[in-house]
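Taking it in order: structure first as structure tokens, then the write-up.
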Amino acid sequence: MSRQSERSAPVAENGLFDRRQFLKAGLGTAGAGGIGLLSATPALSQTRQTWNRFPGRGLSEAYGSPSRYESDVARVGISAQKGTNGSGGCRTPLELLHGIITPSGLHFERHHSGIPDIDPAKHQLLIHGHVKQPLTFSVEALNRYPMVSRIYFLECGGNSGVMVAPEPAQKTCGELHGLVSNSEWTGVPLKLLLEEAGIEPQGKWLIAEGADAALMSRSIPLEKAMDDTIIALYQNGERLRPENGYPMRLLLPGWEGNMSVKWLHRIKVTDQPAMTKDETSRYSDLQSDGSTLLFTYPMGVRSVITNPSAGLTMGAPGLYQISGLAWSGAGKIRQVEISADGGKSWAEADLEVPVLTKSFTRFNTAWQWDGSPSTLMSRAVDETGAMQPTRQVLMANRAPGSGYHYNAIVGWRIENNGEIRNIYA
Ligand SMILES: Nc1nc2c(c(=O)[nH]1)N[C@H]1C(S)=C(S)[C@@H](COP(=O)(O)O)O[C@H]1N2
Ligand SMILES: [Mo]
């Protein structure tokens, strides 16, 4: 069998291959014009290093940290409002991570009045309003309830808002799109506590309030509270981090992050929404006809190629794995397609298991980059059949500058010198 016939046929233009290409590339090495793994070097010998000539350092007594060689892997795009150091956000460096779980220390942050230093022994959650029996729950009490663990993404409604600017910002993938993270959350289904308090017939909404100085609050429809909402106490197996809501937060799977009230200390059951600042002037969607969409809760289906991506640089031409993340507030990801020719032809990417509802799903495909300028794009479809829109379609009915709920197709431009830029595809 000739090496030529072992090669898969391209699945779309400009070098997109089935990912089994990697196995085939591994069988034969790159011939003239052939396909070979890019970065492996032929083995000669291995020299002994200082770290395997002597015993290593002692056992770790304290909380562990990443390797000291990984200090560049940190949150990015840190910005606070003028005159404050805690009202603003910082982002997850999506392009530096793999798999689907965001390490807790790299979860994005968004605070309206800094991070409160809450003593869990003094913190209490009050449930009152249209209930038969108002109740308070200490952290200790909640810890005795049956808990569930689920992997969900959390995305700020303002993620990628910079993409509505007239010109594409030249920032990294994380700086542009990193107000989203994905964790395993463990906590008590809110339904259990509401049933214990007993919702009265007028009770249709919940007003959830945080114990930060902003007393940030949001109105939540009762149906969502009785569905998959949890009061999270743990994140990736350990207690919530202070910045993510310690000692307890709401977690509304798939809905805009603002509703997942952190440092939760009060839930009032009401007959109508409270029309708080964050559901009227903020986190609402101004339309080109002058109207405003309120209560646009679920985050739309979207995807982003994290590797290669803006700010990174390509190595030599050759075989690459394109890898990225897709997610949808409506359920599971059904399909992700990739284009290497600016959207003219598309090929289906492989979805890595597990594919979970309202969670990051990782997708991969093989790309033979021939060194010429190329535009990479990805588009996702979720299990409801919703497809990620183009930027043009998304922007059509929006008022200029209205940047919440931005889920359009992302395009990365690869130049022939290997530089990668953010473009409007
Ligand atoms: N009490 C309180 N809850 C809050 C916020 C806040 O400032 N105060 N920020 C909200 C916003 S806008 C988002 S996007 C998410 C961010 O959660 P994270 O900081 O854990 O990523 O929390 C939400 N819950
Ligand atoms: Mo947010």
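Quick one: putting +1 on the C-beta of Lys and Arg, -1 on the C-beta of Asp and Glu, what dipole do you get for the chain around its Cα centre, in Debye to the nearest 20?
Numbers: 41 positive and 41 negative charges, 113 e Å.
Dipole magnitude for the chain comes out near 540 debye.
Starting from the Cα of LEU59, step 7 Å along the direction of its Cβ; do the same at GLN81; then give the gap between the two resulting points in nm.
Distance between the two pseudo-spin positions: 4.9 nm.
So what J values fall out for region 341-348 if you push phi through Karplus, 6.51 cos²θ - 1.76 cosθ + 1.60 with θ = phi - 60°, rounded to Hz, Gly and Pro as x?
Karplus-based 3J(HN,Hα) across region 341-348 equals 10, x, x, 6, 10, 10, 10, 6 Hz.
How large is ³J(HN,Hα), in whole Hz, for each residue of region 414-425 in order, when computed from phi with the Karplus curve 6.51 cos²θ - 1.76 cosθ + 1.60 and θ = phi - 60°, using x for Gly and Pro?
Listing the rounded values in order: 9, 8, 6, 8, x, 5, 10, 10, 7, 10, 8, 7 Hz.
Please work out how much length the chain gains when fully extended from ALA74 to LEU293, using 0.36 nm per residue of separation minus the C-alpha to C-alpha distance, in nm with one decimal.
On the way: separation 219, 0.36 × 219 = 78.84 nm, distance 3.51 nm.
Here the answer is 75.3 nm.
Which one, THR41, VAL164, LEU190, projects farthest toward the positive side of the charge dipole computed for the chain from Cβ point charges (K/R +1, D/E -1)?
THR41
Please get the size of the charge dipole for region 336-378, origin at its Cα centre, with Cβ charges of +1 on Lys and Arg and -1 on Asp and Glu, quoted in debye to the nearest 20. All intermediate terms of the calculation are to be shown ahead of the outcome.
On the way: 3 positive and 6 negative charges, 40 e Å.
Its charge dipole is roughly 200 debye.
In this model, which of LYS82/LYS277; LYS82/LYS268; LYS122/LYS191; LYS204/LYS268; LYS191/LYS358 are farther than 22 Å apart at the alpha-carbon?
Listed pairs above 22 Å: LYS82/LYS268; LYS122/LYS191.
Would you mind working out the magnitude of the charge dipole of region 75-174 relative to its Cα centre, with +1 at each Lys and Arg C-beta and -1 at each Asp and Glu C-beta, to the nearest 20 Debye? Mind dumping the intermediate values first?
Values: 9 positive and 7 negative charges, 36 e Å.
For this selection, approximately 180 debye.
Averaging sequence separations of C-alpha pairs under 8 Å and six or more residues apart, then dividing by the length of the chain, give the relative contact order as a whole percent.
On the way: 1011 pairs, mean separation 74.2, N = 425.
Computed over the chain, the figure is 17 percent.
In the chain, what percentage of the DSSP-assigned beta bridges are antiparallel, given to the nearest 5?
Working: 82 of 88 bridges.
Expressed as a percentage, antiparallel bridges in the chain total about 95.
When the helix-only estimate is applied to the chain (DSSP H runs of n ≥ 4, each -39,500 (n - 2.57), divided by the residue count), what is the mean residue ellipticity at 222 nm, nearest 500 deg cm²/dmol? Spell out each step's value before the answer.
Details: 8 runs with 42 residues, N = 425.
My calculation for the chain gives -2000 deg cm²/dmol from helical runs alone.
Which of GLN368, PRO354, MET314 sits farthest toward the positive end of the charge dipole of region 309-380, with +1 on the Cβ of Lys and Arg and -1 on the Cβ of Asp and Glu?
Checking the options against the dipole of region 309-380, the answer is PRO354.
Since every read-out is calculated from the coordinates, none of them should be taken as a lab result. Keep in mind that this is a model prediction, so the values were computed, not measured. Quick reminder, even Gly has a Cβ in these numbers, built from the backbone with ideal geometry, and neighbours come from all protein chains shown.
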